[in-house]
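Reviewing the structure listed below.
Derivation of every value follows stated rules applied to the coordinates shown; laboratory data play no part. Note that this is a predicted model, so its numbers are computed, not measured. All Cβ positions, even for glycine, are placed from backbone atoms using ideal geometry, and neighbour counts span all protein chains on display.
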Amino acid sequence: MNTGNRPLSPHLQIYRWQWTMLLSITHRATGIALAAGALMLVCWLLAVASGPDAFAAVNGFLGSWIGRLLLFGWTWSLLYHFANGIRHMFWDVGLGLELPAAQASGYAVVAVSLAATLAVWISGYVAAGALG
Amino acid sequence: MSMRTPIARVRGLGSAKNGTHHWWMQRLTAIALVPLTVWFVVSVIYLAGADHARVAAWLASPLTAVLMLLLIAATFHHLQLGLQVIIEDYVHGEAAKIGCIIGVKLASFALAVTAGFAVLKVAF
C-alpha cells in the first residue's frame, strides 16, 4: 500500500510539554485505571452476593493500606475522568475550544477533582464514624 | 489531495456508513454515566464502614439494584469503547491488535454479565 504521499503529524517529542496535553493523556491514563477499578467493583459485587465471609475478605483487602491507596487513586481517577469528560462534552458542542478557555477549564478540572477527592474521603470517614 | 489509498480505490472500499457510531456510543454512555457516577460516589460514602447485612440490604432495594445494573451496563460499554481506541493507537501488529480488541470486548461483556448476575442474586 502506497502511503508515501500522505501527510504525517510531527512526533510527540517535537512539542514542548504543556498543561493541555498532560491533561489529555491523564484522561486516558485514568480511563485505564478505572477499567481496573471496574474489575474491583465486580469482585466487590460478587462478594456481596456470596455472603458475609467473602464480603469480609474483600473488605479486609480494601481496608488495608494498599487497598485504601488503590481506592484513593480510583476516587481521584473517577472524579478526574468525570470532570474532564464533562469538559469534553462542552468541546463536543463547540464551547471553550479557544486556548485560554481550554487552559482555564483544564486548571478547573484538576482543582475540582482534587477538592472533590478530599471531600469524598472526609465524608466517607465521617459517615463511617472514624472521625467521631 | 485525496486521502484514499490507491488500493482502496482499486478495491472500491468506501464508507461503511458507521464512522460516527463508536464516537456516538462513547458520548451516549458518558452522558448516562454523569448522573450514575454521582449516585455511585454518594452511595459509596453512605456505605463507608458498613457490614455485609447493611450493604446487602442496600443492594437488594429495587431502586439501588436497577441503578447498579444501569451503572454496570454503561460502565462496561464505555470502558470497552475506550480500551479499543487505546489498543488501536498503541498495538500496531494487525493480529495482536485484533486479538486484544476481541479479548477486551469479550471480557467486558462477561464481566458486565457477572456483575449483573451478582446484583440480581442479592436482589431476588
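Starting at the first residue of the stretch A:24-31, write each ³J(HN,Hα) from the Karplus equation 6.51 cos²θ - 1.76 cosθ + 1.60 with θ = phi - 60°, in whole Hz, x for Gly and Pro.
5, 6, 5, 4, 5, 5, 5, x
For helix A:52-63, what angle does its Cα long axis make with the longest principal axis of chain A, in degrees from 0 to 90 and rounded to 10?
The answer is roughly 50 degrees.
Find out how many positive minus negative residues lie around A:His81, taking Lys and Arg as positive, Asp and Glu as negative, among other residues whose Cβ is under 12 Å from that of A:His81. Please report the intermediate quantities before stating the final value.
Details: positive: A:Arg28, A:Arg87; negative: none.
Net of charged neighbours comes to +2.
Helix B:21-47 against the longest principal axis of chain B: what's the angle in degrees, Cα atoms only, rounded to the nearest 10?
Roughly 20 degrees between the two axes.
Angle check, please: helix B:62-90 long axis (alpha carbons) against the longest principal axis of chain B (alpha carbons), in degrees 0 to 90, nearest 10.
The helix B:62-90 is inclined about 30 degrees to chain B.
So how long is each side of chain A along the principal axes, counting just the alpha-carbon atoms, biggest first, in Å?
Largest to smallest, the principal-axis extents are 63, 42, 28 Å.
Given only helices, namely DSSP H runs of n ≥ 4 each adding -39500 (n - 2.57), what is the per-residue ellipticity at 222 nm of chain B, to the nearest 500 deg cm²/dmol?
-28000 deg cm²/dmol
Counting chymotrypsin sites (Phe, Trp or Tyr not before Pro) as exposed when in a DSSP loop with at most 16 other beta carbons within 10 Å, what is the longest stretch of chain A free of them?
Details: sites that count: A:Tyr15, A:Trp17.
Result, exposed sites excluded: A:18-132.
Can you work out the Karplus-derived ³J(HN,Hα) for every residue in the stretch A:96-106? Use 6.51 cos²θ - 1.76 cosθ + 1.60 with θ = phi - 60°, whole Hz, and x for glycine or proline.
x, 7, 5, 4, x, 5, 5, 5, 4, 5, x
Which FRET efficiency value, to the nearest 0.05, do you get for B:Glu94 and A:Leu118 by plugging their Cβ-Cβ distance into 1/(1 + (r/R0)^6) with R0 = 35 Å? Mind dumping the intermediate values first?
Details: r = 45 Å, r/R0 = 1.30.
It comes to 0.15.
When chain A is modelled as a GNM with alpha-carbon springs shorter than 10 Å, which of A:Gly85, A:Gly51, A:Gly67 fluctuates the most?
Per the Cα network of chain A with a 10 Å cutoff, A:Gly51 tops the list.
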